[in-house]
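Colleague: Have a look at the structure that comes next, please.
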Amino acid sequence: MPTVHDWINNPLGVVDGMFAQSHSSPDWEKKVVEYFKEKLKLNDAHAWVPSLNDVPLHYLKPNSLVKFRCMVQDMFDPEFFMGVYEMNDPTSNSKQVKCGKYKDVTECGNSYAGTSQARVVPSTSYVPNRHKRSYEEDDEMDTQSQQMKDVSQGAHSSADSHGNMEPKRQETKAPSQDSSPSHCTSSLDLNFPLPGEKGPACLVKVYENWDSFKLNDMLEVFGILSVDPALSVIADEREASSLLDPTEGMETVEEQRVHSPPASLVPRLHMLHAQPLVHNNPLLPSSALENNGDHLGSVLGELASVRAELLTFFTHVLMGDSLAAEYLILHLISNVYSRRDVLPLGKFTLNLSGCPLSSPYTEHLYNVIQQLVPSSFRLCMSLHNMNNHRMVPRKDYTANRLMSGILQLANNTSLFLDETQLEQGQLDTTGVQNITALGNLISWQKVDYDFNYHQMEFPCNINVLIASEGRSLLPSDCQIHLRPTLNPPNLEEYLSAVQVAQVPSLINKYRIYLSMARALNYTISDEITKAVEEDFVEMRKDDPQSMSAEDLHRLLVVARLLSLSHGQNTLSRDGWMKAKQLEVLRISQTQQQKCLNGNEP
């Protein structure tokens, strides 16, 4: 009888067993998927499954069940695989029906295939040395849809001297410009969006409901790990044959390198089940925020006290400016909760102007934010970076892949734009395009991917904070000018001391608070809506220019975020008045700075 963990250690055995019992039934494949889904629903069962994000690949057992938290970075063309095939059994001189699903290489009685693949059992003494957010550095993956499979009548094969049969792919044709075959590590480009990224990459093969996955989706994938060495041999043979005879394959050399990297570096994962990630905060269970009313209701009271502590912390980081600290909290819990036509509702891009240039203040400020949010990136807007970085993803038709760009980010990523690094000089064509892309991201929460012959619009949900000396050259939803009340003799030492004073348990409270506040449901009653409308009319009575429709929209966003930051999922009259007071103070502080500068735009 199978043990309780056989479905993790030997999932292919489970699949083969169910196939042998009912492969003639048309729904046997659904039963396989349902079996693993039910197993994962058991108490903490998902925690038993090893993670590609946390455990080095060489510690994982080949053909075992693993999980992978990731962002869908690219989608390759469909490929054929042998769903059912026949093979000769030399011992009984009879034919056997085999299942080829969830496998990269078929089993055709080759003794080498049975003896050469190491079955590594993960070490019991191994403890992952996890980073603070080991999976949150925008872990990337390519999703390879397997939309077509061979039926039993069309997938017959008999054992031969080579044993393995290579699955067929549906390919796209593109002209080849490079004929130098190479699969060495130094030339392997994992195509991560962010510079310096070192997270794990994986090719995920999807069998069912492939059209439900979209580019940039965040997923937790459960699947069968495939690191068969034969994959690299097959890729090398295909590349060599295509060089000798171009008619042997439809792929270009570049496409073969991209789509068939060494399995030891980019493992394959045959998906059994995947669930979208509602959030990517490792301190919260994946289902913690799905039922807002029940789960979050129990912690609403604590949110207010944590908020007070976080406000004090931010006030120290912002050198005594408690008003700027208020707006920083509102910014960090902002979220695009809906879209009305082209307008993204809920976004709150903050321009923090007045940042000192005499010290690396913005770097320290980013380090604070990086500690508190699951995923973030700091973009130094130097002239060199603006003119040389690729911000927008671009389609490479030669290699048949999407060349990633910095703005291909997972939802709720905090993007820190450091405008204090921008010096005088000339933006070239690339620089202008990058500035335009940043503006579109901020204003419309979308990125237009470059497909050469056309652009394709991809909506996003990115929190953008712009740190600048004066008013930013980029658009923003709200500008607040930093007004320090503290003047420490050594700013760097002061900021370092402020961060060290926050114990890890308190930092974790801040992290949970920000995710919880962002996820709260929010409503406005008819009574409050009517009161807001009347107040708007009253404010415009004496001076119609004092309150525009845009000002009202920003005020409503501030009121919403202020309520959520206090753990309140509906707007009260008191909350509305506090939001108005905050905006009056912010506008006054910004106007005073304009008067001091004189030439401030």
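The values are calculated or read from the model by the stated rules, or taken from the named source; none is laboratory data. Predicted, not measured: the structure shown is a model, and the values here were computed from it. We place every Cβ from the backbone using ideal geometry, glycine too, and count neighbours over all the protein chains shown. Remember, those area values only see protein heavy atoms, side chains included, never the ligands or the DNA or RNA. Shrake-Rupley method; radii C 1.70, N 1.55, O 1.52, S 1.80 Å.
Colleague: Using the structure shown, decide if Y522 is open to solvent by less than 20 Å² (accessible area, probe 1.4 Å) and either touching a Gly at 6+ places or on another chain (Cβ under 7 Å) or among the aromatic types (F, W, Y) (or both).
Modeller: Against the criterion (open to solvent by less than 20 Å² (accessible area, probe 1.4 Å) and either touching a Gly at 6+ places or on another chain (Cβ under 7 Å) or among the aromatic types (F, W, Y) (or both)), Y522 does not qualify.
Colleague: Further, regarding this structure: From the list S572, S563, which one is among the small types (G, A, S) and open to solvent by 10 Å² or more (accessible area, probe 1.4 Å)?
Modeller: Unique residue meeting the criteria: S572.
Colleague: Another question, if that's okay. With respect to K509, determine if the residue is open to solvent by 40 Å² or more (accessible area, probe 1.4 Å) and under 24 Å from L318 (Cβ atoms).
Modeller: When the stated conditions are applied, K509 passes them.
Colleague: I would also like to ask the following. Report the residue count in region 47-105 for those that are among the aromatic types (F, W, Y), closer than 29 Å to H279 by Cα and surrounded by 18 or more Cβ atoms within 10 Å (Cβ to Cβ).
Modeller: Residues meeting the conditions: 3.
Colleague: Out of (1) open to solvent by 70 Å² or more (accessible area, probe 1.4 Å); (2) out of contact with any helix residue (DSSP H, G or I) (no Cβ under 8 Å at 6 or more places or on another chain); (3) modelled with pLDDT under 90; (4) not small (G, A, S), the odd one out for E38 is which?
Modeller: Here E38 clears every test but (3).
Colleague: Out of (1) modelled with pLDDT of 75 or more; (2) over 19 Å from E29 (Cβ atoms); (3) not in a loop (DSSP other than H, G, I, E, B), the odd one out for E86 is which?
Modeller: Of (1) modelled with pLDDT of 75 or more; (2) over 19 Å from E29 (Cβ atoms); (3) not in a loop (DSSP other than H, G, I, E, B), only one is false for E86: (2).
Colleague: While we're on this one: Is at least one residue of region 444-452 crowded, with 19+ Cβ neighbours inside 10 Å and within 27 Å of L357 (Cβ to Cβ)?
Modeller: For region 444-452, residues crowded, with 19+ Cβ neighbours inside 10 Å and within 27 Å of L357 (Cβ to Cβ): absent.
Colleague: Quick one: in region 459-491, of everything that is β-branched (V, I, T) and surrounded by 15 or more Cβ atoms within 10 Å (Cβ to Cβ), which residue is farthest from L409 (Cα to Cα)?
Modeller: Restricting to residues being β-branched (V, I, T) and surrounded by 15 or more Cβ atoms within 10 Å (Cβ to Cβ), the top hit is I480.
Colleague: Residue pairs, Cβ under 8 Å, 6 or more apart or interchain, first in region 488-517 and assigned to a helix (DSSP H, G or I), second of a type in the set (D, E) and surrounded by 12 or more Cβ atoms within 10 Å (Cβ to Cβ). List them.
Modeller: L506/E309; K509/E309; Y510/E309
Colleague: Residue by residue through region 372-391, note down the ones that are open to solvent by 30 Å² or more (accessible area, probe 1.4 Å), touching a helix residue (DSSP H, G or I) at 6+ places or on another chain (Cβ under 6 Å) and within 27 Å of R69 (Cα to Cα).
Modeller: Answer for region 372-391, where residues must be open to solvent by 30 Å² or more (accessible area, probe 1.4 Å), touching a helix residue (DSSP H, G or I) at 6+ places or on another chain (Cβ under 6 Å) and within 27 Å of R69 (Cα to Cα): just R378.
Colleague: A follow-up question, please. Out of all the residues in region 279-293, is one or more out of contact with any Pro (no Cβ under 6 Å at 6 or more places or on another chain), part of a helix (DSSP H, G or I) and either at pLDDT below 85 or open to solvent by less than 20 Å² (accessible area, probe 1.4 Å) (or both)?
Modeller: Among the residues of region 279-293, at least one is out of contact with any Pro (no Cβ under 6 Å at 6 or more places or on another chain), part of a helix (DSSP H, G or I) and either at pLDDT below 85 or open to solvent by less than 20 Å² (accessible area, probe 1.4 Å) (or both), which makes the answer yes.
Colleague: Out of region 218-231, which residues are crowded, with 18+ Cβ neighbours inside 10 Å and either in a strand (DSSP E or B) or not small (G, A, S) (or both)?
Modeller: M218, L219, E220, V221, F222, G223, I224, L225, S226, V227, D228, L231
Colleague: For V299, only one of the following conditions fails: (1) surrounded by fewer than 19 Cβ atoms within 10 Å (Cβ to Cβ); (2) modelled with pLDDT of 90 or more; (3) under 28 Å from the mean Cα position of the chain (by Cα). What is its number?
Modeller: Just one mismatch for V299, condition (2).
Colleague: Of all helices (runs of 4 or more DSSP H) completely enclosed by region 358-445, which ones contain at least 2 residues that are in contact with a strand residue (DSSP E or B) (Cβ under 7 Å, 6 or more places away or on another chain)?
Modeller: 361-372, 429-444
Colleague: Which of the residues spanning region 99-108 are more than 17 Å from Y207 (Cβ to Cβ) and touching a strand residue (DSSP E or B) at 6+ places or on another chain (Cβ under 6 Å)?
Modeller: Matches in region 99-108: C108 only.
Colleague: Any idea which of L407, L372 is within 20 Å of the chain's Cα centre (by Cα), within 26 Å of F314 (Cβ to Cβ) and of a type outside the set (K, R)?
Modeller: L372 is the lone residue from the list that is within 20 Å of the chain's Cα centre (by Cα), within 26 Å of F314 (Cβ to Cβ) and of a type outside the set (K, R).
Colleague: Still on this structure, I have one more. If you go through region 527-545 one residue at a time, do you hit one that is in contact with a helix residue (DSSP H, G or I) (Cβ under 7 Å, 6 or more places away or on another chain) and in a loop (DSSP other than H, G, I, E, B)?
Modeller: No: zero hits.
Colleague: Further question: Quickly run through region 188-214 and pick out the residues that are surrounded by fewer than 16 Cβ atoms within 10 Å (Cβ to Cβ) and modelled with pLDDT of 90 or more.
Modeller: Those that are surrounded by fewer than 16 Cβ atoms within 10 Å (Cβ to Cβ) and modelled with pLDDT of 90 or more: S212, K214.
Colleague: Oh, and also: Within region 325-345, identify whether any single residue is more than 23 Å from the chain's Cα centre (by Cα), modelled with pLDDT of 95 or more and of a type in the set (A, V, I, L, M, F, W, C), and answer yes or no.
Modeller: yes
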